[in-house]
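Before any comments, here is the structure.
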Amino acid sequence: MPTAFDVLARDHEEVKRMLAELELGPTVAVGANSDQLALRKKMVEQLVIEESRHEAVEEMYFWPAVREHLSDGEDLANQALAQEQEGKDILGRLDKLGPEDEAFETLLAQFASAGRAHIAFEETTVWPGLRDALSAAEADDLGRELEQGKETAPTRRP
Ligand SMILES: [Fe+2]
Ligand SMILES: [Fe+2]
(Lines give C-alpha, C1' and ligand atoms only; values in the text may rest on other atoms or scores of the structure.)
(Ligands and ions follow the chains in the order given, each with its own letter.)
Protein backbone atom coordinates (compact mmCIF):
# COMPACT_ATOMS: atom_id res chain seq x y z
CA MET A 1 0.00 0.00 0.00
CA PRO A 2 1.62 3.29 -1.05
CA THR A 3 1.74 5.90 1.68
CA ALA A 4 0.92 9.55 1.09
CA PHE A 5 4.64 10.18 0.72
CA ASP A 6 5.00 7.46 -1.94
CA VAL A 7 2.12 8.92 -3.95
CA LEU A 8 3.43 12.48 -3.76
CA ALA A 9 7.05 11.46 -4.39
CA ARG A 10 5.99 9.68 -7.58
CA ASP A 11 4.30 12.87 -8.80
CA HIS A 12 7.32 14.96 -7.87
CA GLU A 13 9.65 12.65 -9.79
CA GLU A 14 7.37 12.84 -12.81
CA VAL A 15 7.29 16.65 -12.72
CA LYS A 16 11.08 16.81 -12.37
CA ARG A 17 11.47 14.36 -15.25
CA MET A 18 9.21 16.51 -17.44
CA LEU A 19 11.15 19.66 -16.55
CA ALA A 20 14.49 17.99 -17.30
CA GLU A 21 13.17 16.77 -20.64
CA LEU A 22 11.87 20.25 -21.53
CA GLU A 23 15.23 21.74 -20.66
CA LEU A 24 16.87 19.54 -23.28
CA GLY A 25 14.97 21.55 -25.90
CA PRO A 26 15.14 22.25 -28.73
CA THR A 27 13.59 25.70 -28.40
CA VAL A 28 12.64 28.21 -31.06
CA ALA A 29 15.83 30.15 -30.23
CA VAL A 30 18.02 27.30 -31.46
CA GLY A 31 15.93 26.68 -34.55
CA ALA A 32 13.45 24.00 -33.50
CA ASN A 33 11.20 23.02 -36.41
CA SER A 34 7.40 23.11 -36.29
CA ASP A 35 7.05 19.45 -35.30
CA GLN A 36 9.49 19.94 -32.44
CA LEU A 37 7.66 23.06 -31.31
CA ALA A 38 4.31 21.27 -31.46
CA LEU A 39 5.77 18.52 -29.29
CA ARG A 40 7.16 21.11 -26.90
CA LYS A 41 3.71 22.66 -26.53
CA LYS A 42 2.24 19.17 -25.89
CA MET A 43 4.84 18.50 -23.21
CA VAL A 44 3.99 21.77 -21.48
CA GLU A 45 0.29 20.86 -21.64
CA GLN A 46 1.13 17.54 -19.95
CA LEU A 47 3.09 19.42 -17.31
CA VAL A 48 0.11 21.72 -16.66
CA ILE A 49 -2.21 18.71 -16.33
CA GLU A 50 0.13 16.82 -14.00
CA GLU A 51 0.75 19.88 -11.85
CA SER A 52 -2.95 20.78 -11.70
CA ARG A 53 -3.92 17.34 -10.46
CA HIS A 54 -1.06 17.14 -8.02
CA GLU A 55 -1.53 20.51 -6.35
CA ALA A 56 -5.33 20.10 -6.31
CA VAL A 57 -5.16 16.90 -4.26
CA GLU A 58 -2.50 18.37 -2.00
CA GLU A 59 -4.82 21.29 -1.34
CA MET A 60 -7.74 18.98 -0.74
CA TYR A 61 -6.10 16.34 1.47
CA PHE A 62 -2.45 16.96 2.23
CA TRP A 63 -2.40 20.50 3.63
CA PRO A 64 -5.42 19.87 5.86
CA ALA A 65 -3.49 16.90 7.34
CA VAL A 66 -0.42 19.11 7.85
CA ARG A 67 -2.54 21.75 9.61
CA GLU A 68 -4.13 19.10 11.79
CA HIS A 69 -1.07 17.12 12.80
CA LEU A 70 1.83 19.59 13.06
CA SER A 71 2.17 22.36 15.62
CA ASP A 72 3.65 24.63 12.93
CA GLY A 73 1.29 23.17 10.32
CA GLU A 74 -0.69 26.36 9.76
CA ASP A 75 2.44 28.28 8.92
CA LEU A 76 3.89 25.51 6.71
CA ALA A 77 0.62 25.07 4.82
CA ASN A 78 0.25 28.80 4.27
CA GLN A 79 3.79 29.08 2.92
CA ALA A 80 3.24 26.12 0.62
CA LEU A 81 -0.09 27.44 -0.65
CA ALA A 82 1.58 30.75 -1.54
CA GLN A 83 4.23 28.80 -3.50
CA GLU A 84 1.53 26.77 -5.23
CA GLN A 85 -0.33 29.96 -6.12
CA GLU A 86 2.83 31.36 -7.67
CA GLY A 87 3.32 28.18 -9.71
CA LYS A 88 -0.32 28.23 -10.77
CA ASP A 89 -0.01 31.84 -11.94
CA ILE A 90 3.08 31.07 -14.02
CA LEU A 91 1.56 27.97 -15.59
CA GLY A 92 -1.68 29.82 -16.27
CA ARG A 93 0.21 32.38 -18.31
CA LEU A 94 2.41 29.76 -19.98
CA ASP A 95 -0.62 27.68 -20.94
CA LYS A 96 -1.96 30.54 -23.07
CA LEU A 97 1.23 30.92 -25.12
CA GLY A 98 2.73 29.05 -28.03
CA PRO A 99 6.35 27.88 -27.98
CA GLU A 100 7.24 30.55 -30.53
CA ASP A 101 6.06 33.34 -28.18
CA GLU A 102 8.79 35.40 -26.67
CA ALA A 103 7.70 34.84 -23.06
CA PHE A 104 7.23 31.06 -23.38
CA GLU A 105 10.76 29.98 -22.45
CA THR A 106 11.10 32.67 -19.77
CA LEU A 107 7.92 31.50 -18.06
CA LEU A 108 8.92 27.86 -18.40
CA ALA A 109 12.30 28.58 -16.78
CA GLN A 110 10.55 30.54 -14.01
CA PHE A 111 8.25 27.62 -13.37
CA ALA A 112 11.13 25.12 -13.39
CA SER A 113 12.90 27.11 -10.71
CA ALA A 114 9.82 27.81 -8.57
CA GLY A 115 8.50 24.27 -9.03
CA ARG A 116 11.74 22.59 -7.97
CA ALA A 117 12.05 24.90 -4.95
CA HIS A 118 8.47 24.06 -3.97
CA ILE A 119 9.09 20.32 -4.25
CA ALA A 120 12.23 20.66 -2.13
CA PHE A 121 10.30 22.68 0.47
CA GLU A 122 7.67 19.97 0.76
CA GLU A 123 10.10 17.08 0.85
CA THR A 124 12.68 18.54 3.22
CA THR A 125 10.74 21.01 5.39
CA VAL A 126 7.27 19.46 5.62
CA TRP A 127 7.50 15.71 5.08
CA PRO A 128 9.91 14.74 7.91
CA GLY A 129 7.62 16.20 10.59
CA LEU A 130 4.49 14.72 9.08
CA ARG A 131 6.12 11.30 8.68
CA ASP A 132 6.77 11.33 12.43
CA ALA A 133 3.30 12.61 13.26
CA LEU A 134 1.26 10.12 11.20
CA SER A 135 0.72 6.50 12.15
CA ALA A 136 1.34 3.92 9.40
CA ALA A 137 -2.42 3.55 8.95
CA GLU A 138 -2.90 7.31 8.66
CA ALA A 139 -0.12 7.61 6.07
CA ASP A 140 -1.79 4.80 4.08
CA ASP A 141 -5.24 6.36 4.35
CA LEU A 142 -3.92 9.71 3.21
CA GLY A 143 -2.14 7.99 0.31
CA ARG A 144 -5.42 6.40 -0.74
CA GLU A 145 -7.24 9.74 -0.59
CA LEU A 146 -4.54 11.37 -2.72
CA GLU A 147 -4.63 8.59 -5.32
CA GLN A 148 -8.40 8.55 -5.56
CA GLY A 149 -8.54 12.33 -5.58
CA LYS A 150 -6.19 12.47 -8.55
CA GLU A 151 -8.69 10.56 -10.67
CA THR A 152 -11.25 13.36 -10.43
CA ALA A 153 -8.97 16.35 -9.87
CA PRO A 154 -9.15 19.25 -12.33
CA THR A 155 -6.63 19.14 -15.17
CA ARG A 156 -6.65 22.92 -15.49
CA ARG A 157 -6.55 25.03 -12.39
CA PRO A 158 -9.27 27.65 -11.87
FE1 LIG B 1 2.62 21.30 -3.64
FE1 LIG C 1 3.90 18.33 -4.07
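The values are calculated or read from the model by the stated rules, or taken from the named source; none is laboratory data. In this text, all values refer to a predicted model and were calculated from it rather than measured experimentally. Methodologically, a virtual Cβ is constructed for each residue, glycine included, from the backbone with ideal geometry; neighbour enumeration extends over all protein chains shown. Ligands, DNA and RNA are stripped out before the accessible areas are found, and what is left, the full protein with its side chains, is counted by its heavy atoms. Shrake-Rupley method; radii C 1.70, N 1.55, O 1.52, S 1.80 Å.
Placing +1 on the Cβ of every Lys and Arg and -1 on the Cβ of every Asp and Glu, with no other charges, gives the chain a dipole of roughly 480 debye about its Cα centre. Per residue of the chain, the DSSP helices (runs of n ≥ 4 H) give a summed -39500 (n - 2.57) that works out to -25000 deg cm²/dmol at 222 nm.
Seen from Pro26, the other residues with C-beta closer than 15 Å to its C-beta sum to a net charge of -2, counting Lys and Arg as +1 and Asp and Glu as -1. In the chain, taking the dipole from charged Cβ atoms about the Cα centre, the farthest positive-side position among Val28, Gly92, Gly129 is held by Val28. Using a probe radius of 1.4 angstrom, the carbon and sulfur fraction of the accessible surface of region 4-158 is 51%. Which of Val30, Val66, Val126 moves most in a GNM of the chain, Cα contacts under 10 Å? Maximum among the listed residues: Val30. The long axis of helix 102-120 is offset from the longest Cα principal axis of the chain by roughly 20 degrees. Normalised by residue number, the volume inside the convex hull of the Cα atoms of the chain is 101 Å³ per residue. Here the contact order of the chain, divided by its residue count and restricted to Cα pairs under 8 Å and six or more residues apart, works out to 42 percent.
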